[in-house]
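The values are calculated or read from the model by the stated rules, or taken from the named source; none is laboratory data. Everything numeric here is computed off the predicted structure, so don't read it as measured data. For neighbour counting, all protein chains shown are included, and Cβ atoms are generated from backbone atoms with ideal geometry for every residue, glycine included.
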């Protein structure tokens, strides 16, 4: 295990699935499972104690479900990185999870290597959301944004607007870097500035503003 291993908390009320995820990720030299929980309130308490880099959170659990737990964790730890895991293709859960502050939304039927890659992506600041899911989120947030006062993209530099367009398409940092012929480090710096200027917490919310402002088409 490396000195900078990604500290992961796994939260799921099904022991078989939870143990399977733990076993899979423990095999990666750059990842460390620092805790497990079977419901949301325990997840909050463990977050306070262990300060995970990433939390993998089941959506549906008894007691506090994953959305309530995410909302409560984000209230105390705004920089927390929480990725929701679900078996249900439910728009309401998807939108509520993102509104609560989740960094990503994944289905439990994904391949093990894809989950591992996405955990690393979240740690680098990327959002693990499929292009289809991203489009659904953009449509919903774009619709809501038309009825709310939100920051504008007007203050972004031309390069920042370019990057935001690609973010709204669902591109990863690596894909953006390749498209614009710049380094991933440069992409991360631009994204940090974009989020700060737009007063949003993550790239999904920034992409919603891009949709509202007509920077990208809301297909």
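To keep it simple, each residue is scored yes or no on (1) in a loop (DSSP other than H, G, I, E, B); (2) farther than 13 Å from residue 125 by Cβ.
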| residue | (1), (2) |
| --- | --- |
| 175 | no, yes |
| 182 | yes, yes |
| 197 | no, yes |
| 200 | yes, yes |
| 206 | no, no |
| 209 | no, yes |
Fill in: Residue list for the stretch 178-205, filter: touching a helix residue (DSSP H, G or I) at 6+ places or on another chain (Cβ under 6 Å), buried (at least 19 other Cβ atoms within 10 Å of the Cβ) and at pLDDT 85 or above
187, 190, 194, 198
Discussion item. Criterion first (part of a loop (DSSP other than H, G, I, E, B) and at pLDDT 95 or above) does residue 52 satisfy it?
Written reply: yes
Worksheet item: Looking at (1) part of a helix (DSSP H, G or I); (2) closer than 26 Å to residue 208 by Cβ, which is the only condition residue 43 fails?
Response: (2)
Fill in: Residue list for the stretch 161-173, filter: more than 21 Å from residue 100 (Cα to Cα) and not in a helix (DSSP H, G or I)
171, 172
Item to complete: Being without any contact (Cβ under 8 Å) to a residue 40 or more places away in the chain, assigned to a strand (DSSP E or B) and over 17 Å from residue 202 (Cβ atoms) is the filter here, so list the residues in the stretch 76-128 that pass it.
Response: 86, 107
Fill in: Filter result (within 22 Å of residue 20 (Cα to Cα) and touching a helix residue (DSSP H, G or I) at 6+ places or on another chain (Cβ under 7 Å)) within the stretch 71-101
81, 82, 83, 84, 86
